[in-house]
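A short write-up of the structure that comes next.
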Amino acid sequence: HSIGQEVVGLFCMILLTLTALVANIVVMVIILKTPLFRKFIFVCHLCVVNLLSAIFLMPLGIISSSSCFNWVIYSIAECKAVIFLNICFISASILTICIISVERYYYIVHPLRYEVKMTIRLAVAGVVFIWVKSVLITVLALVAWPHGNGATSASRCTVYWSPGAHKKVFVILFSITCFILPTIIILAVYSSIYRVARTASLQQAPVPAQAVAPRHRCDSIASQVTIFTARILMLPRLIPDRLLGSNKAILTLVLIVGQFLCCWLPFFAFHLHSSVPLVTVGGGHGEMVVTWIAYSSFAVNPFFYGLLNRQIREELARLRRSCLNHPLGQELCLSISEASVQENFLQFLQRATCTLETHTSCISPSPRNRLDQTTTSFPTPGQVPEESS
């Protein structure tokens with residue numbers, strides 16, 4: 001490769017690493033600093049995994065991928081440690097994303113059941129399950145690994161260059177447990193959420209009482225024209241706002257699933273293809289490209305699962321103004337129409353599902369409804385609920 005390509009590649013890898021460091025730290029600080037956000041254990045856990053990957057895994061990936069570090073030689077023990085970190089963090093990240101999708105499914109489709117069963121103990125059990133499964137899968141990769149005091153180049157210390165016939169079995173098992181099954185679950189879960197969004201978009205927006213029956217009847221022509229004009233202008237505003245919220249929900253779901261597949265499908269397809277007998281796959285540059293496409297997930301996850309949330313962005317703006325010693329009293333207040341358009345798509349779908357499936361329970365004065373009617377809604381783990389209008 002030319003020197004220019006090497007410089008550009010090295011710059012992109014360093015930029016991705018720094019982005020992963022900063023973005024994940026910012027989201028973690030916001031979640032841990034804000035009392036109402038501290039129950040979002042899975043989103044915070046995803047940021048922890050991404051941050052650990054940015055600290056340990058991505059710098060090792062730079063050494064393995066750039067020709068500037070061809071002089072680096074790993075011992076057998078050091079190569080085992082590199083592969084352990086690689087497989088463990090990749091597994092933990094994908095499994096956490098899978099659990100977040102399942103959590104969102106129950107939050108939206110079965111809100112009442114979610115509130116009863118979703119506890120801190122269950123969330124901690126989910127985190128423990130993620131790490132136990134990740135470590136067990138990583139241990140399988142190191143089974144039958146050659147022992148001794150040998151050495152290997154840093155660029156060849158990867159799963160693709162792993163010696164032994166057990167590599168093919170491991171790659172297939174690793175791909176099934178850490179990509180194929182989670183992908184099936186994610187697609188099934190978000191397909192169900194998509195159906196809820198589509199059903200919600202077909203519902204007619206309720207007409208306010210002011211638009212149906214005015215307080216005082218007036219028979220004057222001017223008053224009747226005013227009332228008629230208000231009705232005409234108000235109804236087109238309400239229905240597009242609701243449809244726009246649903247379209248935003250559908251677009252967000254497509255972006256989340258698309259981002260996951262774009263990052264991880266090339267990586268696992270490459271290793272699965274390399275495990276097929278009598279198939280020669282060019283390593284080196286090809287493996288480096290798919291590996292860093294996968295590593296980019298560590299940098300973009302905090303945006304898709306954290307900073308795209310309006311309430312987290314507002315909290316980040318408050319922290320920034322506080323650091324700059326700006327008065328916090330000058331907050332920007334969204335209008336009713338803006339808030340309805342920009343509200344969180346999960347809260348929109350959850351209310352739509354509540355209307356479609358548990359209408360009676362929603363009308364009853366349950367603690368959830370009383371909380372929803374207050375200014376500050378009670379947060380749920382896995383996603384920060386937006387302020388409803």
Of (1) over 18 Å from His285 (Cα atoms); (2) assigned to a helix (DSSP H, G or I); (3) open to solvent by less than 60 Å² (accessible area, probe 1.4 Å); (4) in contact with a helix residue (DSSP H, G or I) (Cβ under 7 Å, 6 or more places away or on another chain), Lys80 fails just (4)
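For (1) modelled with pLDDT under 70; (2) outside any helix (DSSP H, G or I); (3) farther than 30 Å from Leu60 by Cα, each residue gets a yes or a no:
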position: Trp145; (1), (2), (3): yes, yes, no
position: Asn149; (1), (2), (3): yes, yes, no
position: Ile176; (1), (2), (3): no, no, no
position: Ala188; (1), (2), (3): no, no, yes
position: Arg195; (1), (2), (3): no, no, yes
position: Pro206; (1), (2), (3): yes, yes, yes
position: Arg215; (1), (2), (3): yes, yes, yes
position: Leu238; (1), (2), (3): yes, no, yes
Considering the range 104-117, residues that are open to solvent by 70 Å² or more (accessible area, probe 1.4 Å) and either within 21 Å of Ile90 (Cα to Cα) or out of contact with any Ser or Thr (no Cβ under 9 Å at 6 or more places or on another chain) (or both), and then whichever is modelled with the highest pLDDT, we arrive at Tyr106
Matching residues in the range 7-31 (open to solvent by 30 Å² or more (accessible area, probe 1.4 Å) and in contact with a helix residue (DSSP H, G or I) (Cβ under 6 Å, 6 or more places away or on another chain)) number 4
Only one of Ile120, Ile94 is farther than 17 Å from Tyr305 by Cβ and either touching a Phe, Trp or Tyr at 6+ places or on another chain (Cβ under 9 Å) or open to solvent by 40 Å² or more (accessible area, probe 1.4 Å) (or both), namely Ile120
Quick count over the range 33-64, residues being open to solvent by less than 30 Å² (accessible area, probe 1.4 Å) and in contact (Cβ under 8 Å) with a residue 40 or more places away in the chain, is 17
Of the conditions (1) within 28 Å of the chain's Cα centre (by Cα); (2) open to solvent by 40 Å² or more (accessible area, probe 1.4 Å), the single one that Ser67 does not satisfy is (1)
When Ile130 is run through (1) modelled with pLDDT under 90; (2) in contact with a Leu (Cβ under 6 Å, 6 or more places away or on another chain); (3) within 18 Å of Phe84 (Cα to Cα), the failure sits at (1)
Within the range 255-269, the residues that are of a type outside the set (Gly, Ala, Ser) and over 12 Å from the mean Cα position of the chain (by Cα) are Leu261, Cys262, Cys263, Trp264, Leu265, Pro266, Phe267, Phe268
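The values are calculated or read from the model by the stated rules, or taken from the named source; none is laboratory data. Fair warning: this is a prediction, and the values are worked out from it, not measured in the lab. Cβ coordinates were reconstructed from backbone atoms using ideal geometry, including for glycine residues, and neighbour counts include every protein chain displayed. All accessible areas refer to the heavy atoms of the entire protein, side chains included, with ligands and DNA or RNA removed. Shrake-Rupley method; radii C 1.70, N 1.55, O 1.52, S 1.80 Å.
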